[in-house]
Ligand code: HEC
């Protein structure tokens, strides 16, 4: 139980050392010493430091040094190192798209994840692996368990060794990871004119611009501008750093047929596959936001409660009055 202290309770406690008569008597002398020290010759220095002329000249000196350094070297020290690459290497900056899961309270659009998986499976999986996603991860996210089991069983996995020490193949099960399109990196490069299609599990986190970048990349293929030469086997995409990318445009209107009847335009497929890849990179996304909101609510309540309790406990201490009551002089 909380109990309010009576203000009188403090009067009965022993006086704090500062208010002992001895100290009180010494106070004026201490003050005089302090005043004397501040009034010494350091005054002139202080007024120089505080003067406007000093302020203006130091500012002008700083601005002048910065301008002179920039004039000599083209940029300020250390600033260029903040960029990972040169300006000429950077692709066109992607616009910020209004993803349906971007808000503080928004979860992924799971119908979109399901369509996106279809786009990945039918288009991207021909070249890109998705190493970190197992079939079981799709359960309850985009498909139900029977659908995922059926999809896994369509794939053959190598397993073993068996009792005779031989490797054997079996159909896939929920615990298996997504099958890679190529056996190894060399095979992947050989199939793509030397370029390596990166694993897509974490691509949304791994690229500057995230989902906006991957969407822009997929929908951003155009003819190279006049004067730009693109090597044989490369394609021009202004969003790709450097402009020339080994991957050709892969999404075209009507390439897949969505089972829910959504028209499969290029941008629709790109949006769905990017939502799917975003989920693959951050499968904890929905849960994380839910827990985050719970934590914010809980900690706000606890903060308010502790503020109240603090004020409650401190009230008598803040409101007390301490005074010095000199002992009555018995000689008079
Ligand atoms: C024909 C094979 C092929 C297909 C199909 C394909 N890609 Fe690629 N992809 C590549 C290659 C090769 C690269 C590497 C390009 C490079 O480094 O120049 C690449 C690179 C990428 C990159 C990385 C770009 C970067 O910034 O490094 C992303 C993202 C990507 N692909 C997404 C996709 C998506 C999504 C799909 C399906 C809609 C897809 N790709 C389909 C071959 C393919």
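The values are calculated or read from the model by the stated rules, or taken from the named source; none is laboratory data. Worth saying up front: this structure is predicted, and the values here are computed from it rather than measured. Neighbour counts run over all protein chains shown; Cβ positions are idealised from the backbone, glycine included.
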Checking residue 131 against (1) within 11 Å of the ligand (Cβ to nearest atom); (2) in contact with a strand residue (DSSP E or B) (Cβ under 8 Å, 6 or more places away or on another chain), which test does it fail?
(1)
Does residue 260 meet the test of being free of Cβ contacts under 8 Å to residues at least 60 places away in the same chain, over 22 Å from residue 282 (Cβ atoms) and either within 8 Å of the ligand (Cβ to nearest atom) or touching a helix residue (DSSP H, G or I) at 6+ places or on another chain (Cβ under 8 Å) (or both)?
no
Report the residue count in region 86-140 for those that are over 29 Å from residue 242 (Cα atoms), in a loop (DSSP other than H, G, I, E, B) and in contact with a helix residue (DSSP H, G or I) (Cβ under 8 Å, 6 or more places away or on another chain).
9
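Scan region 288-303 and give yes if some residue there is under 24 Å from residue 128 (Cα atoms) and more than 10 Å from the ligand (Cβ to nearest atom), otherwise no. Steps first, answer last, please.
To start, the set of residues in region 288-303 that are under 24 Å from residue 128 (Cα atoms) comprises none.
No, the conditions are met nowhere in region 288-303.
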Evaluate region 150-157: report whether one residue or more is touching a helix residue (DSSP H, G or I) at 6+ places or on another chain (Cβ under 8 Å) and at pLDDT 95 or above.
yes
